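The values are calculated or read from the model by the stated rules, or taken from the named source; none is laboratory data. For clarity, every value in this text was computed on a predicted model and none was experimentally measured. Glycine gets a Cβ as well: all are built from the backbone with ideal geometry, and neighbour counts include every protein chain shown. Protein only, heavy atoms only, side chains kept; ligands, DNA and RNA dropped before computing areas. Shrake-Rupley method; radii C 1.70, N 1.55, O 1.52, S 1.80 Å.
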Amino acid sequence: ISWSIKETASSSTSSLEGRDSSLQKGSSSYAAFPKQVSSYSLSSLFKGRNRLPSLQSLSDALSDTGVKNYAPELRRPKAEYKDYSNDWSPKDTVRRMQRGKVCSLERFRSLQDKLVLLDEAVAGHDGNVITAVLIFLKRTLRREILFRELEVRQVALCHLIHFLKETGEQKFLLDLLRFLDRTEEVALSQYREHLNIQDVEKRREFLKGCTGLPFSAEDISHIQDHYTLLERQIIIEANDRHLEMAGQSEIFRKYPRKASILNMPLVTTLFYSCFYHYTEAEGTFSSPTNLKKTFKIPDKQYVLTALAARAKLRAWEDVDALLTTKNWLGYTKKKAPIGFHRVVEILQRNNAPVQVLQEYVRLVEDAETRLNLATKYKCHDVVIDTYRDLKDRIQLMAYKCKVERGSAEEEKINSILSNT
């Protein structure tokens, strides 16, 4: 197809006459057309260009590999057209979905067909297919029917519950859980909504309402503690912010707060209280002892948290008082629920002086652990005394080489070695 149509009015008249006469001559009539090149040709359309310097045949245009092909696609094999067929069974549909083929589920209109499709998806053990079918059923079935059928299909039910939690469809999830009579899960789902409430006052009121939900006996105590803790944090935050802005407290001037206490965990709140309000009376909300009593914090957790807070402030007298207990006869002794080896690690982490470290390294009961800690943190007196108690002259002589010459430690070792 290489001829073109002349576009001027004068030439069109003559071409019409030539065409009328040539129509009677059969195929040779094309020779009567003028051979002038038009601005537009069919070959130029295939090449995506408006103007060509010379005519080009259709075959040339299509064979040009550098030009985008606008020709229609050739007919596909019949097997390929089965993708768009409407006679696929539920089992075949699930198999095709597993292979990533696009399948329309809209043709499954009856409840029986939809349930068979769901059962086949579950039998295929493909979570993506199960979820896809559940989304289709969720869109095309009434809730009551869907819930009733899922109640006897626990695998599909678990998939739907997980999907609703991930997508945040809270109302649909609550309706499903209520239908299944899972009251505790309903309560927990409603309780999780507090995470989406940013305003602290609104969150407090929401938690107060959650205390009346049908939780288990164990869970309801946690919800109550959560509400009480947030209420305490609001009071402490307001008071401490006022003190910090007014500059009335020395500890806030020396150690400015880096973050708000609101919505922090209980252990973080206890650390904050031990750091800024350690000496307050038990009657105040910010007192560490008040928090310990209110929330029934175990002794180990309390000592561990308070020790870390006071050691960070380098308040060694408070550390000593924290670890000193008095019996009913009035005698005092050191006691550490967390073990003195952990006390030493915490103190060393906060750059405690050697004199303070030595006092607590001595209290480690196991001799081998005590020697390791004393050697690691260079508590020479503890090492020397431990080897003396063990009557190990060889180790004592070997340790003598590790201390400075002429030091008090060397003199102490010589004195022990010379004692028969």
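Points worth noting:
- The simple Förster model, with R0 at 35 Å and r as the Cβ-Cβ distance, assigns Arg178 and Arg109 a FRET efficiency of 0.75.
- Computing FRET efficiency as 1/(1 + (r/R0)^6) for Asn263 and Ser415, where r is the C-beta to C-beta distance and R0 is 41 Å, gives about 0.10.
- Förster-model FRET efficiency, 22 Å R0, Lys402 and Glu368, C-beta, rounded to 0.05: 0.75
- A 1.4 Å probe over all protein chains sorts Tyr399, Tyr331 by accessible area into Tyr331, Tyr399, starting with the largest.
- Rel. contact order, % - alpha carbon contacts under 8 angstrom, at least six apart, region 87-181: 22 percent
- The GluC sites (Glu not before Pro) found in region 206-299 that occupy coil by DSSP, while having at most 15 further C-beta atoms within 10 Å, are Glu280, Glu282.
- Of the GluC sites (Glu not before Pro) in region 105-192, the ones in a loop by DSSP (not H, G, I, E or B) with at most 10 other beta carbons within 10 Å are Glu106.
- In the full protein context, region 260-326 carries 49 Å² of accessible surface per residue, based on a 1.4 Å probe and ignoring ligands, DNA and RNA.
- By accessible area, using a 1.4 Å probe on protein heavy atoms only, region 92-154 has 47% of its surface on carbon and sulfur.
- Between Glu185 and Ala246, the modelled labels are 5.3 nm apart [label points 7 Å from Cα along Cα→Cβ].
- In this structure, the residue pairs whose Cα-Cα separation is over 24 Å, taken from Lys202/Lys300; Lys312/Lys334; Lys254/Lys300, are Lys202/Lys300; Lys254/Lys300.
- Lys293, Lys165, ranked by accessible area, largest first (probe 1.4 Å): Lys293, Lys165
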